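To start, the structure under review is shown below, and the notes come after it.
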Amino acid sequence: MFVNKNDIRPFDKKVWLSSPTMHGDEQKWVNDAFEKNWITTAGENINEVEKLVAQYAGMKYAVALSCGTASLHLATKLAGEKLYGQAKPNCGTLQGHKVFCADMTFDATINPVAYEDGEAVFIDTERDTWNMSPEALEKAFELYPDVKLVVLVHLYGVPAKIDEIRAVCDKHGALIIEDAAESFGATYKGRETGCFGDYSAISFNGNKIITGSSGGMFLTDSKDDADKVRKWSTQSREAAPWYQHEEIGYNYRMSNIIAGVIRGQMNFLDEHIAQKKAIYERYKEGLKGLPVTMNPFDEKNSSPNFWLSCLLIDKDAMCRQVRGENEALYIPEKGKSCPTEILETLASFNAEGRPIWKPMHMQPIYRMNGFVTVSGNGRGQSNAYIDRGEATDIGADIFERGLCLPSDNKMTPEQQDIIIELIRSCFE
C-alpha cells in the first residue's frame, strides 16, 4: 500500500513509539493479589515473577524491585562495596572512584554512579551496534588504569559486543554492571542478555518489551548478592523481633500488584519480540532507496529484541539542522531531510517518534566528566583522546543524524505504510 502525502489524513488514534500491550492474563493475577489480600511488597506474584525471569535469563537468582533504576542503583552499590569496602558514614560506596560508563544511553544508567558518589567517565559508541566501543574502552584503561567498574548498556534492545568488552574488563580486573533494561529477550551467541554482567538489571517500565507499568529486576548467580540486595531493598531490616537497622536501606521492593501484571505478561514476551522484529523488517524494506539505514546489529552473533526501530540519515542527505538545549531548527532542502523534520512531520499526523538518546557527555549535568573516544583515519590507525563534544565522536554523530521511529506492536501494517510514506515525503 503506497499513498500520496496530500491524501494522508492524521491518524484518528495516536500511533505510539512503544506503549503497553495488555492481553488479559495480567488482570487475572492482579485480581489474585486482591482476593488473597496481598496488597503489599510480598506475595505469590513476586515470588513467581522472580522465578520466571531468572529462568528465562538463565540466572540463578532474581530480586524484584520497584524499577530498573533501583536495580541499577543496588547493583552499583554492591559493586562498589565488593571493590572498595563499605562506605564511610553518609558516603557512597564509590566515593572518589571513576567508573567507565556507556555514553549513549538514558541517564538512569548513569545516575546510580552519582548516587554512590562515583565519577562517570563516558566511553564512546561504535557503529556496528551503537553500543560501547571495546576499542575506546581499552584506551580508557590506558588513561585511567585504576578503574575497576564498567557499566554496559544494550541500546534499543541490541546486544553490545559482549565478548570483546568482557575480554577487556577481565584483562584489567574490572567488574561489569549490565544494563539490560531495554533488551530483555535479546540474545548474544544464544544466551539471554541479563546474564553477562557480574550484576545485571532489567526494566519493566511502561514502554518496555513487556511491562508492569513499572518494576525492575536484579539478576545474579550469587545467593549472597541476591540476599544483600533483597535486604537493602527492604530498608536494610535486620533479623530481629523489632525494627533493627545497622546500615542504610531503601524502599525499593516491587509491589505484588505490579508483579501480577508482569506475571501475566511473561507468556507474551516472545510474541512481542516477533511483532517488533516484523516492524523493523517492514521499515527496512519500505525505506529502501532512501539515503538512510536502520539501527545495526551483529547478525552473526546476536538476536535483538527489536524494542525500538531506529533510522540514521546519510551524512550527505542531511539538511541543515541546529539544536539548542531545548529546541531544534532546520532549513528544508530538496532531496534532503533531518531528524527534526521527520519527527515534526510524524507528529503532525499523530504519530510519535523520538530523537536518539543524547549522549551523556553532551548532557549539561555531565559535561565536565571525562569522555574517551577513538578517531581513525581509515587506514587502521587510531588514537584515543579525551574529547569535549567535537563532531568527530561517534555518539554525537548518531545523535545528530538518527531518530527512533514509531515501534508500537499494535501499529498495523497499513499504519506503518503511511508512516513510511511520510518519511519518504521528507526527502522529496
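No value in this document is a laboratory result; all are computed from the given coordinates. Because the structure is predicted, anything quoted here is derived from the model rather than measured. Here Cβ is always computed from backbone atoms with ideal geometry, including for glycine, and neighbour counts include all displayed protein chains.
Applying a DSSP loop filter and a limit of 15 other Cβ atoms within 10 Å to the GluC sites (Glu not before Pro) in the range 297-371 leaves E299, E325, E327, E333. Straight Cα distances below 26 angstrom link K13 to the lysines K5, K208, K276, K277, K284, K410, with same-chain residues fewer than 8 positions distant left out. Around the Cα centre of the chain, unit charges on the Cβ atoms of Lys, Arg, Asp and Glu (plus for the first two, minus for the last two) sum to a dipole of about 220 debye. Considering all different alpha carbon pairs of the range 154-239, the Kirkwood hydrodynamic radius works out to 14.1 Å. Taking every Cα-Cα distance in the range 6-154 and sorting them into 10 Å bins from zero, the calculated P(r) comes out as 9, 25, 28, 21, 13, 4, 0 percent. Kirkwood hydrodynamic radius computed over the range 25-267 comes to 18.1 Å, based on all pairs of distinct alpha carbons. With a Förster radius of 51 Å applied to the C-beta separation of A42 and F11, the computed FRET efficiency comes to 0.75.
Using θ = phi - 60° in the Karplus curve 6.51 cos²θ - 1.76 cosθ + 1.60, the 3J(HN,Hα) couplings for the range 67-78 round to 6, x, 5, 4, 5, 5, 5, 6, 5, 5, 4, 5 Hz; x is entered for Gly and Pro. Distance between the modelled labels on K189 and E35, one decimal in nanometres: 4.6 nm (7 Å Cα→Cβ projection). Restricting the calculation to Cα atoms, the range 269-425 shows an Rg/Rh of 0.99 when the hydrodynamic-style radius is the Kirkwood one. Put +1 on the Cβ of every Lys and Arg and -1 on every Asp and Glu Cβ in the chain; which of G92, F196, I8 then has its Cα farthest towards the positive end of the dipole? Looking along the dipole axis, the top candidate is I8.
Could you give log10 I(q)/I(0) at q = 0.07, 0.10, 0.14 Å⁻¹ for the chain, computed by the Debye formula over C-alpha point scatterers of equal weight, without solvent? At q = 0.07, 0.10, 0.14 Å⁻¹ the computed log10 ratios are -0.35, -0.71, -1.31. In the chain, helical runs assigned H by DSSP with n ≥ 4 each contribute -39500 (n - 2.57); averaged across all residues and rounded to the nearest 500, the mean residue ellipticity at 222 nm is -10000 deg cm²/dmol.
According to the square roots a ≥ b ≥ c of the eigenvalues of the Cα gyration tensor, what is the shape class of the range 64-117, taking rounded for a/c under 1.5, prolate for a/b larger than b/c otherwise, and oblate for the remainder? Oblate, because a/c is 1.5 or more while a/b does not exceed b/c. Site pair K60 and M294 shows an inter-label distance of 3.9 nm when each label is modelled 7 Å from Cα along Cα→Cβ. Tally the DSSP beta bridges in the range 25-267 and give the antiparallel ones as a percent, rounded to 5. Here the share of antiparallel DSSP bridges comes out near 45 percent. With neighbour counts taken as other beta-carbon atoms within 10 Å, the residues W232, W16, W307 rank, fewest first, as W16, W232, W307. The lysines within cross-link reach of K88, meaning a Cα-to-Cα straight distance under 25 Å and a gap of 8 or more places when in the same chain, are K77, K98, K148, K228, K231.
Along the range 206-220 the Karplus relation, 6.51 cos²θ - 1.76 cosθ + 1.60 evaluated at θ = phi - 60°, assigns HN-Hα couplings of x, 9, 7, 4, 10, 9, x, 6, 7, x, x, 9, 9, 10, 7 Hz to successive residues, with x for each Gly and Pro.
The alpha carbon convex hull volume per residue for the range 205-249 rounds to 101 Å³. Here's the picture: a label point sits 7 Å out from the Cα of L143 along the beta-carbon direction, and within the range 107-137 the residues with their amide nitrogen under 11 Å of it are 121-124, 136-137. For the pair D221 and A274, what calculated FRET efficiency results from E = 1/(1 + (r/R0)^6), where r is the Cβ-Cβ distance and R0 = 25 Å, to the nearest 0.05? So the FRET efficiency works out to roughly 0.30.
Comparing I365, I398, I210 in a Gaussian network model of the chain (Cα springs below 10 Å), the most mobile by mean-square fluctuation is I365. Over the range 234-303, the Kirkwood radius and the radius of gyration, each from Cα atoms, give a ratio Rg/Rh of 1.32. Alpha carbon centre of the range 44-67 versus the range 238-274: separation in Å? Each part's Cα centre sits 8 Å from the other's.
By DSSP, what percent of the beta bridges with both residues in the chain are antiparallel, rounded to the nearest 5? DSSP beta bridges in the chain are roughly 60 percent antiparallel.
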